[in-house]
Amino acid sequence: MEPRIGVLALQGDFEAHQHALARAGAEAIDVRTADDLNQVDGLIIPGGESTTMLKLLDMENLFEPLREFGRKKPIFGTCAGAILLASEVLNPLQESLGLMDLTVERNAYGRQIDSRIAQIELQGEPAEAVFIRAPAIRRVGPDGKVLAKYQNSPVLVEQGKHMVATFHPELTDDARIHERFVEKVKQAS
Amino acid sequence: MDFQNDQFRLKVGLAEMLKGGVIMDVVNREHAEIAERAGACAVMALERVPADIRKEGGVARMSQIRVIREIMSAVSIPVMAKVRIGHFTEARILEALGVDYIDESEVLTPADEEHHVDKHDFKVPFVCGARNLGEALRRIAEGAAMIRTKGEAGSGNIVEAVRHIRTIVKEMKQLTVLGKEELVHEAKNLQAPLELVQYVAEHGKLPVPNFSAGGIATPADAALVMQLGAEAVFVGSGIFKSSDPERRAKAIVKAATYYRDPVKLLEASEELGEAMPGLDVTKMQEAELMQTRGW
């Protein structure tokens, strides 16, 4: 059976991730409540504003259910999603799920005028990476595997069943990263 | 028109990140901190909220740089700021300052009664207001990377934002059923470039995110325009002219996420205190309307 993959739809570019999952051949479901979480085998936390998502997770008592979900099932975080999955967040210090052993610095490249589309290397082939007010990964724990780098910093990291990107693969037509996540969800379920 | 160039993709990309969120008008650092704490996905810096501009009159201009700078250093979320319609020098100043988005806004006093800013020429992205599809497409042709309804700013009355979002959505739907030769005729009626008309006909939506602004005062107002097709909301006077801004701000953030869930909307609507005072738009003089500014 095809895995059911949720996209956390509190705020951000969740719609772009739904389209990207469709390109990777998976069924995507909006997740806004703890009940919705119970319906899915894996979850994407999209780009958006991490402070807004944290506020809504707190208001709706979703923080613990999400952490519990991540102990059992795969999560892929892009940009704000990477910030939420990290164990330590800088600039400023803020709460996070701590599901991956990472230190992430918010708005590390500057403001919107510093946003950029860069070429990176993915599985030995060129790929386009869209960075928007992007964070940077400053430290990767011993179990983390760096899958891609930009300016010598890790930008795509896998740790066990989870994965984070500081850029936005959902804003390109390249489905490889979403396909990789769909594969991880299949293996885990 | 090239929507696939990197610069335009990055501009639209940031608008994508704001979807499902609330962009709040703030006039100082304290407001900005309250907005961020309440869950705003961005703040809009301006000199006075629209309700005060309306009351006090005079020329409304871009905010003081010192205030925008303070707001930028106080919060970690994107900071937008307004310029007068056609005032490309105010826009250059804000670009040099490094704001994340510029709103070329009818809420300020227009600087040019014929031309809008050539927004393609800027690295910083722009949002513009629209009352109908023709206006929206003309602004996109000029380089706007996000459209919002104009509504009637500072009125606390949702009726104009509803009219505008319904008009835009209806006009888009109509294009999807027309033949190729009919689209040429529609481009003439809409006074918009044919290739943008063709894009909307093919996709049933704008090539940039479509948000709503102008008169949103309650969580129910925010959910209403989102159910009608808006992808995020701007709230101006509605928050800081209410009796309990922080609580109302949080409630509108919740409503923008759960806009289709009546139980969550009920929760968001409890214990809010007084909303801002509202104005009857039908009793306003033509000269008092802000939505008719822009061409």
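Computed from the alpha carbon atoms alone, the convex hull of segment B:113-214 holds 100 Å³ per residue.
Calculated mean residue ellipticity at 222 nm for chain A: -8000 deg cm²/dmol, from DSSP H runs with n ≥ 4 weighted as -39500 (n - 2.57), summed, divided by the residue count and rounded to 500.
The Rg/Rh ratio of the protein assembly as shown, with Rg taken over Cα atoms and Rh as the Kirkwood radius over Cα pairs, comes to 0.96.
Using DSSP, restrict attention to beta bridges with both residues in the protein assembly as shown and report what percent are antiparallel, rounded to the nearest 5. Don't skip to the answer; put the middle values down first.
Working: 20 of 62 bridges.
Counting DSSP beta bridges with both partners in the protein assembly as shown, the antiparallel share is about 30 percent.
For chain B, the longest principal axis of the alpha carbon atoms and the long axis of helix B:245-257 meet at an angle near 40°. Rounded to the nearest 10 degrees, the angle from helix B:180-190 to the longest Cα principal axis of chain B is 50 degrees. Each of B:Ile147, B:Val263, B:Val59 was scored by the projection of its Cα onto the charge dipole of chain B, and the greatest displacement toward the positive side belongs to B:Val263; charges sit on the C-beta of Lys, Arg, Asp and Glu.
Averaging Cα coordinates gives a centre for segment B:126-173 and one for segment A:106-148; these two points are 35 Å apart. Scanning chain B for GluC sites (Glu not before Pro) that sit in a DSSP loop and have at most 11 other Cβ atoms within 10 Å, the longest stretch containing none of them is B:115-269. Pairs over the 31 Å Cα-Cα cut-off, from the set B:Lys170/B:Lys283; B:Lys188/B:Lys241; A:Lys149/A:Lys184; B:Lys173/B:Lys241; B:Lys150/B:Lys264; A:Lys149/B:Lys264: B:Lys188/B:Lys241; B:Lys173/B:Lys241; A:Lys149/B:Lys264.
Evaluated with a Cβ-only charge set (Lys, Arg +1; Asp, Glu -1), segment B:1-144 carries a dipole of roughly 240 debye about its Cα centre, given to the nearest 20. Given in Å, the Rg to one decimal and the Dmax to the nearest whole number for the Cα atoms of segment B:1-100 are 14.4, 44.
Within segment A:4-188, what percent of beta bridges assigned by DSSP are antiparallel, to the nearest 5?
So the antiparallel bridges in segment A:4-188 amount to around 55 percent.
For A:Gly77, the residues 5 or more places off, or on other chains, whose built amide H falls under 5 Å of its own are A:Ile45, A:Met163, A:Val164, A:Ala165.
Here the sum of -39500 (n - 2.57) over DSSP H runs of 4 or more residues, divided by the residues of chain B, equals -13000 deg cm²/dmol at 222 nm, to the nearest 500. Ordered from longest to shortest, the equivalent ellipsoid semi-axes for segment B:169-262 are 35, 13, 9 Å, each the square root of 5 times a Cα gyration tensor eigenvalue. Translational diffusion of segment A:1-83 was estimated from the Stokes-Einstein equation, with Rh taken as the Kirkwood radius over Cα pairs; at 10 °C and 1.306 mPa s the coefficient is 127 µm²/s.
In segment A:4-188 the Cα-Cα distances spread across 10 Å bins starting at 0 as 10, 43, 38, 9, 0 percent of all pairs. Computed over chain B, the Cα gyration tensor eigenvalues convert (square root of 5λ each) into semi-axes of 28, 22, 19 Å, ordered from largest to smallest.
Any read-out appearing in this document is the output of simple, stated calculations on the displayed coordinates, not a laboratory observation. These numbers were taken from a predicted model, which means no experiment stands behind them. Glycine also receives a Cβ, built like all others from the backbone with ideal geometry; neighbour counts cover every protein chain displayed.
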